[in-house]
Amino acid sequence: MKKKSVHVKYSTALIQLPLVNDNPLTEVRTPVDVATVCHDMSELAQECFHILVLNSRNKLLSRCLISIGTLDSTIVHARDVFRQAILEHGSALVLCHNHPSGDPTPSAEDLRITRQLILAGQVLGIMVMDHIILGRKSTGNPGYLSLREAGICDFTGNPS
């Protein structure tokens with residue numbers, strides 16, 4: 001009797017990560033600049049946290065994925081956030097994450113982690129310039145929220 005062979009098909013989840021070395025000539029000074037560099041995050045189905053590592057002239061050294069979370073949260077730790085900035089001799093960074101719901105309103109956890117990272121940056125001598133939350137564009141909504149521009153967090157305590 002001949003044995004039937006069973007072919008099982010397996011598929012693998014492929015993740016395309018925009019990790020390091022975006023255009024090093026890109027200047028990042030405003031929330032619009034950040035939203036432009038990170039525009040591909042606005043339609044993601046999971047929360048993702050990225051940092052933009054900048055040199056002393058606000059030129060983009062790299063864009064780094066820090067974590068991929070779930071529909072409404074992601075885990076972020078200071079050691080992961082500052083690792084790449086230290087390795088690349090970055091002088092500043094911008095925090096950026098998306099809200100899959102499309103609403104860029106910050107959660108209590110967003111504010112807590114931002115304040116914690118500002119303090120860690122002070123200790124390390126790496127300025128946290130802003131935290132941009134990406135959502136979706138709509139009438140009267142540019143599709144992002146800058147915690148600095150909104151005056152929600154105090155970024156002025158950064159080292160000079």
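The values are calculated or read from the model by the stated rules, or taken from the named source; none is laboratory data. Note that the coordinates shown come from a computational prediction; the quantities given were computed from them, not determined experimentally. Note that each Cβ is placed from the backbone with ideal geometry, even for glycine, and that neighbours are counted across all protein chains shown.
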Lone unmet requirement of (1) in contact (Cβ under 8 Å) with a residue 24 or more places away in the chain; (2) farther than 16 Å from Arg29 by Cα for Gly69:
(1)
Which is in contact with a Gly (Cβ under 8 Å, 6 or more places away or on another chain), in contact (Cβ under 8 Å) with a residue 12 or more places away in the chain, within 26 Å of Thr70 (Cα to Cα) and β-branched (Val, Ile, Thr), of Ile132, Ile118, Ile113, Ile152?
Ile118
For segment 74-89, enumerate the residues that are within 15 Å of Gln122 (Cβ to Cβ) and free of Cβ contacts under 8 Å to residues at least 40 places away in the same chain.
Val81
Test result for Ile126, at pLDDT 95 or above and closer than 14 Å to Cys38 by Cβ:
no
Going residue by residue through segment 99-121, is there one that turns out to be assigned to a strand (DSSP E or B), within 21 Å of Val32 (Cβ to Cβ) and either modelled with pLDDT of 95 or more or more than 11 Å from the chain's Cα centre (by Cα) (or both)?
no
Take Arg136 and tell me if it is of a type in the set (D, E, K, R), at negative phi and part of a loop (DSSP other than H, G, I, E, B).
yes
Can you tell me which of (1) surrounded by 21 or more Cβ atoms within 10 Å (Cβ to Cβ); (2) at pLDDT 95 or above is the one Ser91 doesn't meet?
(1)
Restricting attention to segment 38-49, does a residue exist that is in a strand (DSSP E or B), modelled with pLDDT of 65 or more and surrounded by 12 or more Cβ atoms within 10 Å (Cβ to Cβ)?
yes
Six or more apart or on different chains, Cβ under 8 Å: which pairs go from a residue in segment 44-56 that's under 17 Å from Arg29 (Cβ atoms) to one that's charged (D, E, K, R) and crowded, with 22+ Cβ neighbours inside 10 Å? Could you list them?
Ile51/Arg63; Leu52/Arg63; Val53/Arg63
